[in-house]
1. Can you go through Arg197, Arg223, Arg207, Arg211 and tell me which one is touching a strand residue (DSSP E or B) at 6+ places or on another chain (Cβ under 8 Å) and either over 21 Å from Ala117 (Cβ atoms) or modelled with pLDDT of 85 or more (or both)?
2. Can you tell me which of Ser227, Ser255 is part of a helix (DSSP H, G or I), open to solvent by 30 Å² or more (accessible area, probe 1.4 Å) and among the polar types (S, T, N, Q)?
3. Write out, first by first residue and then by second, each pair whose Cβ atoms fall under 9 Å of each other, whose residues are 6+ apart or on separate chains, and whose first residue, in segment 360-373, is crowded, with 22+ Cβ neighbours inside 10 Å while the second is outside any helix (DSSP H, G or I).
4. Leu268 - would you say it is open to solvent by 30 Å² or more (accessible area, probe 1.4 Å) and either under 19 Å from Gly392 (Cβ atoms) or touching a Leu at 6+ places or on another chain (Cβ under 9 Å) (or both)?
5. Filter segment 313-362 down to the residues that are aromatic (Phe, Trp, Tyr) and modelled with pLDDT under 85, then identify the one that is farthest from Tyr241 (Cα to Cα).
6. Look through Phe245, Phe236, Phe240 and report the one residue that is more than 21 Å from Leu393 (Cβ to Cβ) and among the aromatic types (Phe, Trp, Tyr).
7. Just to be sure I understand, how many residues within segment 72-90 are more than 8 Å from Gly348 (Cβ to Cβ), outside any loop (DSSP other than H, G, I, E, B) and open to solvent by less than 70 Å² (accessible area, probe 1.4 Å)?
Amino acid sequence: MTNQTPAMPLATRVVSPERVAVPILAAISVSHLLNDLIQSLLPAIYPILKRDFHLDFGQIGFLTLTFQLTASLLQPMIGTFTDRKPQPFSLVAGMGFTLVGLLTLSQASSYPVLLLAAALIGMGSSVFHPESSRVARLASGGRHGLAQSVFQVGGNAGSALGPLLAAFIVVPFGQPSIAWFSAVALLAILILFAVGRWYQAKLADLRAKPRTVETGSLFSKRRIVISLAILVLLIFSKDFYVASFTNYFTFYLISKFQLPVQDAQVHLFIFLGSLAVGTLLGGPLGDRVGRRYVIWFSILGVLPFTLMLPFADLFWTTVLSMIIGVVLASAFSSIVVYAIELVPGRVGMISGFFFGFSFGMAGIGAAALGHLADVTSIGTVYTVCSFLPALGLLAYFLPKIERKHA
């Protein structure tokens with residue numbers, strides 16, 4: 001009797017299972033923390049920049065747009081290039097751009113220089129995310145959702161720490177104190193150099209003894225395009241809503257509840273911390289129950305809470321922001337891994353596209369919502385955005401991707 005090995009349902013057939021490379025996964029997550037901590041300083045100091053440079057909400061939104069578009073337009077191109085020619089030490093170069101942008105931001109004396117600083121920080125992000133996402137996948141040992149979540153939670157933790165550090169360092173000591181964070185960038189460069197050496201050795205090992213065999217997608221080209229379009233709309237709804245928090249939540253709290261700047265930034269830290277928790281939960285949950293269900297629950301499930309937020313007092317605003325952060329953030333890791341499984345063999349291109357699109361939507365959202373706040377009120381922003389999670393209904397039309405359980 002002939003024993004036949006059943007075809008695996010995933011597009012990537014694992015020939016030789018490996019263990020999770022925990023030190024590398026931890027290093028890339030810590031690097032993501034340091035990278036996004038630096039990047040989050042920009043929106044965290046918006047109240048200071050608004051005061052010192054006499055900016056309106058539209059100019060603040062355009063500042064975010066400059067940063068986000070620089071990152072979003074370059075990430076897919078860099079990801080596509082590194083799919084063909086991986087660059088292990090490009091992570092170090094990307095952090096170098098971030099360091100230069102950070103120092104420029106600390107010394108900026110005019111609005112155009114602020115825009116230049118934002119663009120440089122965006123360029124650093126465009127290099128960092130596609131390749132670091134690939135490193136996380138290589139280190140995953142097949143547990144792709146877990147690896148993506150661990151990688152992502154580092155970024156969320158950094159984004160949460162940025163406003164908190166800004167509140168206690170930049171607010172009392174002023175814009176020049178931003179330069180003190182160059183030590184953070186230098187630490188990240190050292191970690192990423194070590195990661196680059198592992199990555200280089202891993203690539204040599206894969207070339208000598210290939211561990212995986214890439215096969216075609218399970219779905220037709222038309223089905224893939226439709227599914228990717230749905231994922232794009234879900235990212236749009238998520239990141240437009242998150243942009244209202246990362247850029248304007250402090251202004252909302254100051255306007256509605258008359259909080260001082262430092263207290264408002266602590267509330268922003270609480271929200272961003274809840275994003276980190278949700279991100280950490282989302283990937284492993286997707287590995288266990290299916291990414292499609294996590295995506296559906298994360299986007300649509302947050303709708304009742306977003307609808308309640310504009311009518312809540314300060315206590316319930318804090319509680320609702322935490323719930324919204326946890327539930328909404330659980331989607332992104334599952335979306336990225338789901339998309340990679342839809343289009344096998346294009347890790348850099350897909351991760352670069354979705355990270356880039358996420359950055360782009362956040363930037364466009366910041367600019368659009370800033371203009372809306374100028375012509376109406378900051379409260380109107382949260383009323384309008386509260387309906388965005390209804391787009392989560394589209395997740396119903398995503399195809400199921402069968403997974404092989406260990």
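1. Selected residue: Arg211, the only one of Arg197, Arg223, Arg207, Arg211 that is touching a strand residue (DSSP E or B) at 6+ places or on another chain (Cβ under 8 Å) and either over 21 Å from Ala117 (Cβ atoms) or modelled with pLDDT of 85 or more (or both).
2. Numbers: Ser227 fails: open to solvent by 30 Å² or more (accessible area, probe 1.4 Å).
That would be Ser255, the only listed residue that is part of a helix (DSSP H, G or I), open to solvent by 30 Å² or more (accessible area, probe 1.4 Å) and among the polar types (S, T, N, Q).
3. Filtered contacts from segment 360-373: Gly370/Asp56.
4. Spelling it out, it is not the case that Leu268 is open to solvent by 30 Å² or more (accessible area, probe 1.4 Å) and either under 19 Å from Gly392 (Cβ atoms) or touching a Leu at 6+ places or on another chain (Cβ under 9 Å) (or both).
5. Going residue by residue through segment 313-362, those that are aromatic (Phe, Trp, Tyr) are 315-316, 332, 338, 353-355, 357, 359.
In the following step, the residues that additionally are modelled with pLDDT under 85 were identified as 332, 353-355, 357, 359.
Working: Phe332: 13, Phe353: 19, Phe354: 16, Phe355: 16, Phe357: 14, Phe359: 13 Å.
Only one residue tops the list, namely Phe353.
6. Exactly one residue qualifies, and that residue is Phe245.
7. The qualifying residues number 5.
Results for (1) under 21 Å from Gln59 (Cα atoms); (2) touching a residue at least 12 places away in the same chain (Cβ under 8 Å); (3) in contact with a His (Cβ under 7 Å, 6 or more places away or on another chain); (4) open to solvent by 50 Å² or more (accessible area, probe 1.4 Å), shown as yes or no for each residue.
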position: Val242; (1), (2), (3), (4): yes, yes, no, no
position: Ser274; (1), (2), (3), (4): no, yes, no, no
position: Val289; (1), (2), (3), (4): no, no, no, yes
position: Phe297; (1), (2), (3), (4): no, yes, no, yes
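The values are calculated or read from the model by the stated rules, or taken from the named source; none is laboratory data. None of the values given here were measured: they were computed from a predicted structure. Note that each Cβ is placed from the backbone with ideal geometry, even for glycine, and that neighbours are counted across all protein chains shown. We work out accessible area using only protein heavy atoms, side chains counted, and drop any ligands, DNA or RNA first. Shrake-Rupley method; radii C 1.70, N 1.55, O 1.52, S 1.80 Å.
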